[in-house]
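One structure below.
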Amino acid sequence: MRVSAYEVCGFVAGRHGLTMAELKNHSRAREYARPRQIAMYAIRTLCPHMSYPGIARVLARKDHTTILHGVRQIESLLTGHERVAREVGATLTHFRTVEPVSGEAA
């Protein structure tokens, strides 16, 4: 099953009590920035067909280097920050265990 970047964003926003607009806003406050970075990392992992510029468009960013920075930030936090590792793990597990919709190839 092919996961869409919008599905990942919706899931991450919901887990963090945010709306899609809040996830996509340009605030640097940690309550918005960290979930947005988790979404960037999850999209990059779950949607290998997506380019950095494509992920940037989904998240209303102007530059693909913002996505690159976010992905690298989460990669660096995965080993030392249990909460971030748990959130990323829950997101990846959710999409890797989702049953395909009838009519889709398994």
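Values quoted throughout were computed directly from the atomic coordinates according to the rules given, and no laboratory measurement underlies them. Only a predicted model underlies this, so the values are computations on that prediction, with no experimental measurement involved. Neighbour counts run over all protein chains shown; Cβ positions are idealised from the backbone, glycine included.
Observations
- Debye-sum result for the range 1-48 in log10 I(q)/I(0), which assumes one identical scatterer on each alpha carbon, at q = 0.25 Å⁻¹: -0.85
- A Förster distance of 22 Å, applied to the separation of the beta-carbon atoms of THR93 and LYS62, puts the FRET efficiency at 0.10.
- Using a cutoff of 8 angstrom between alpha carbon atoms and counting only pairs six or more residues apart, the relative contact order for the chain works out to 28 percent.
- Phi to ³J(HN,Hα) by Karplus 6.51 cos²θ - 1.76 cosθ + 1.60 over the range 37-49, Hz, x for Gly, Pro: 5, 4, 4, 4, 4, 5, 4, 4, 7, 8, 10, x, 6
- Convex hull volume per residue in cubic angstrom - Cα atoms of the chain: 100 Å³
- Between the Cα long axis of helix 82-96 and the first principal axis of the chain there is an angle of about 30°, rounded to the nearest 10.
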